[in-house]
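Everything on this sheet refers to the single structure shown next.
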Amino acid sequence: RKYCRVALRSIAIVFVDEQAHAAYAKDVSKVGMGFYSPVNLLPRTFVRIWVPGRSLLRVRVSRCRRLGERCFQCGGLFEAAIKL
């Protein structure tokens with residue numbers, strides 16, 4: 001890894017194809033973030049993530065691993081911040 005990750009631990013909303021899903025932000029670095037999602041996200045998929053107090057972020061999913069029923073650990077790289 002190039003950059004140190006910092007724990008974020010906050011609720012989040014993941015928008016996949018204009019559909020909103022409740023999620024949980026895990027950690028963040030200069031170039032990306034980790035989060036838990038209730039839906040499986042394929043690598044190279046673009047999603048938008050909103051975390052309270054932050055801008056709406058466009059993230060390209062780089063990994064997604066199933067942890068349990070309706071629980072996926074995902075990671076992605078930031079593409080651009082989207083202004084609300």
inquiry  = Filter the stretch 15-31 down to the residues that are of a type in the set (Val, Ile, Thr) and touching a Phe, Trp or Tyr at 6+ places or on another chain (Cβ under 7 Å) and list them by number.
reply    = VAL31
task = Go through the residues of the stretch 45-55 one by one and say whether even a single one is under 12 Å from PHE15 (Cβ atoms) and among the aromatic types (Phe, Trp, Tyr).
result = yes
query = Can you tell me which residue in the stretch 21-39 is most open to solvent (accessible area, probe 1.4 Å), limited to those that are in a strand (DSSP E or B) and hydrophobic (A, V, I, L, M, F, W, C)?
reply = ALA22
query = Any idea which of (1) closer than 22 Å to LYS2 by Cβ; (2) surrounded by 14 or more Cβ atoms within 10 Å (Cβ to Cβ) is the one TRP50 doesn't satisfy?
reply = (1)
message = Exactly one of these conditions fails for LEU67: (1) within 10 Å of the chain's Cα centre (by Cα); (2) of a type in the set (A, V, I, L, M, F, W, C); (3) exposed (fewer than 11 other Cβ atoms within 10 Å of the Cβ). Give me its number.
response = (1)
ask   = In this structure, does TYR3 turn out to be out of contact with any Leu (no Cβ under 7 Å at 6 or more places or on another chain), in contact (Cβ under 8 Å) with a residue 12 or more places away in the chain, surrounded by 10 or more Cβ atoms within 10 Å (Cβ to Cβ) and assigned to a strand (DSSP E or B)?
value = no
task = Please work out which one of (1) surrounded by 14 or more Cβ atoms within 10 Å (Cβ to Cβ); (2) over 11 Å from the mean Cα position of the chain (by Cα) is the condition ILE13 fails and give its number.
result = (2)
message = One residue is enough: does the stretch 53-62 have a residue meeting the conditions more than 9 Å from the chain's Cα centre (by Cα), open to solvent by less than 40 Å² (accessible area, probe 1.4 Å) and at pLDDT 95 or above?
response = no
message = Of all residues being without any contact (Cβ under 8 Å) to a residue 12 or more places away in the chain and in a strand (DSSP E or B) in the stretch 40-72, which is nearest to ASP27 (Cα to Cα)? Just the residue, please.
response = ARG65
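The values are calculated or read from the model by the stated rules, or taken from the named source; none is laboratory data. This is a predicted model, so every value here is computed, not measured. When we count neighbours, we look across all protein chains shown, and the Cβ atoms used for this are built from the backbone with ideal geometry, even at glycine. Side chains are part of the model used for accessible areas, which takes the heavy atoms of the whole protein and leaves out ligands, DNA and RNA. Shrake-Rupley method; radii C 1.70, N 1.55, O 1.52, S 1.80 Å.
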